[in-house]
Amino acid sequence: MKNLDILTELAQLGNKLDPTGAVSFPIYHSATYAHPELGKSTGYDYSRTANPTRSVLESAIANLERGCKGLAFASGLAGITTVLSLFKQGDHLIVTEDLYGGTFRLFEQIYKEFGISATYVDTSDNDLITQAILPTTKAIFCETPTNPVMRIADIKGISKIARFHGLLTIVDNTFLTPFLQRPLELGADIVVHSATKYLGGHNDVVAGLVVTNSEILAERLSFLQNALGTILGPQDCWLLLRGLKTLGLRMERQQQNSIVIAAWLSNHPLVDQVFYPGLPHHPGYEVQHAQAAGPGAIISFSLKNKDDITKVLKKVKLISFAESLGGVESLITYPFIQTHADIPQETREKIGINERVLRLSVGIESIQDLLEDLNQALES
Ligand SMILES: Cc1ncc(COP(=O)(O)O)c(C=O)c1O
């Protein structure tokens, strides 16, 4: 059947693929596979190279992102590590300045040592990107929306600049997922995900996914996945497959809750600023509206008084003070000392990741209960 709705595509992941007729695709817990005869293979020889459960997950994410190859990794950072291994000594990348702290750490404390350098720019400004291009630049790596101040990068515009200068465009699509945004359709070459977040969706698995629409990149990335051994195990592949089946339902509900919460926070007397691309005054609203099917379910907000932060984090009852996002349970994070602690203080201040900013990952709970919890935490 052609042109199935994405909700149908998601619900049917893994079904009708196993020869036993299993509706839930099985977990193939085998490290190795017998050869039918010398020089023949079933397509599976050793599970680092290929595993049936991983293959189903990898095809699923490739289809969802409209790419030709998907690859599953032990974590989002394992996927990004593998992607960065495409580059060599002397190469330079242009990178989003308000990047996830762990990715920044990878660039600055690992790949810099190998001679791969990065210039950090505000990737919501295409002129700044163009100005940062050097003769050694090989790629533009961006997150959109950014974390936590929710800047929006124009993926189509960036891909055009990249193509003109012979660079790759790599987009971290963790915050929106292919349910809301498909960077490859907008011109990007590689999409990376922390699948730990919305794709898994239940805060029960750490995983990474990478997709490309270039056969050449697919071949090189598959080589690197096998050579580096950064793969995701079959049990975790299955957890992701199960989580993905409800991605659409979860995202719709989480986004619906977020739209209400963002408006509520915007009118709260203790709140200074709300960073959410679904609010019409958000500077990236137009671009977001043009390139994505929705604003997503992450809201950052700053309080007027920094002393209120400790009280709010202590007083939330339903919402957990924890360092992740994208799951069905609502979480609140303090980026200044948690997710973005590795970003230099000067950059954090410039971007607006200050001591007054909190990030809310909105879950699927009842909106009344979430508002009540936020209300009592802020009032206290
Ligand atoms: C946007 C983004 N990219 C990548 C990562 C890294 O993913 P993982 O924690 O699965 O290694 C994270 C983790 O928080 C993230 O938020």
Q. Looking at (1) surrounded by 24 or more Cβ atoms within 10 Å (Cβ to Cβ); (2) under 22 Å from Thr146 (Cβ atoms); (3) more than 15 Å from the ligand (Cβ to nearest atom), which is the only condition Leu99 fails?
A. (3)
Q: Output the residues belonging to segment 323-340 that are more than 11 Å from the ligand (Cβ to nearest atom) and without any contact (Cβ under 8 Å) to a residue 24 or more places away in the chain.
A: Phe336, Ile337
Q | Answer residue from segment 15-55, given it is over 14 Å from Gly233 (Cβ atoms) and hydrophobic (A, V, I, L, M, F, W, C) and is farthest from the chain's Cα centre (by Cα) among those | A | Leu38
Q. Quick one: is Leu4 closer than 25 Å to Gly200 by Cβ, assigned to a loop (DSSP other than H, G, I, E, B) and among the aliphatic types (A, V, I, L, M)?
A. yes
Q: Please indicate, with yes or no, whether at least one residue in segment 347-365 is of a type in the set (Asp, Glu), closer than 21 Å to Asp307 by Cα and modelled with pLDDT under 85.
A: yes
Q | Criterion: of a type in the set (A, V, I, L, M, F, W, C) and over 27 Å from Pro183 (Cβ atoms) - qualifying residue of Ala11, Ala31 | A | Ala31
Q. Limited to segment 74-94, what total is found for residues that are within 15 Å of the ligand (Cβ to nearest atom) and either without any contact (Cβ under 8 Å) to a residue 40 or more places away in the chain or more than 19 Å from Leu176 (Cα to Cα) (or both)?
A. 6
Q: Look at Arg163 and say whether it is surrounded by fewer than 23 Cβ atoms within 10 Å (Cβ to Cβ) and away from the ligand (no atom under 13 Å from the Cβ).
A: yes
Q | Residue that is farthest from Leu360 (Cα to Cα), among those in segment 291-312 that are assigned to a helix (DSSP H, G or I) and touching a helix residue (DSSP H, G or I) at 6+ places or on another chain (Cβ under 8 Å) | A | Gln291
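Each row is one residue, and each column tells you yes or no for (1) in contact with a Pro (Cβ under 8 Å, 6 or more places away or on another chain); (2) more than 15 Å from Leu13 (Cβ to Cβ); (3) buried (at least 20 other Cβ atoms within 10 Å of the Cβ).
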residue	(1), (2), (3)
Gly208	no, yes, yes
Thr212	no, yes, yes
Glu215	no, yes, no
Glu219	no, yes, no
Gly229	no, yes, no
Leu239	no, no, yes
Gly243	no, no, yes
Thr246	no, no, no
Arg253	no, yes, no
Q) So which strands (runs of 3 or more DSSP E) stay within segment 155-216 end to end and still have 1 or more residues that are out of contact with any Asp or Glu (no Cβ under 9 Å at 6 or more places or on another chain)? A) 190-194, 208-212
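The values are calculated or read from the model by the stated rules, or taken from the named source; none is laboratory data. What you see is a predicted model; the values in this text were computed from it and never measured. Here the Cβ is made from the backbone with ideal geometry for all residues, glycine too, and neighbour counts use every protein chain on show.
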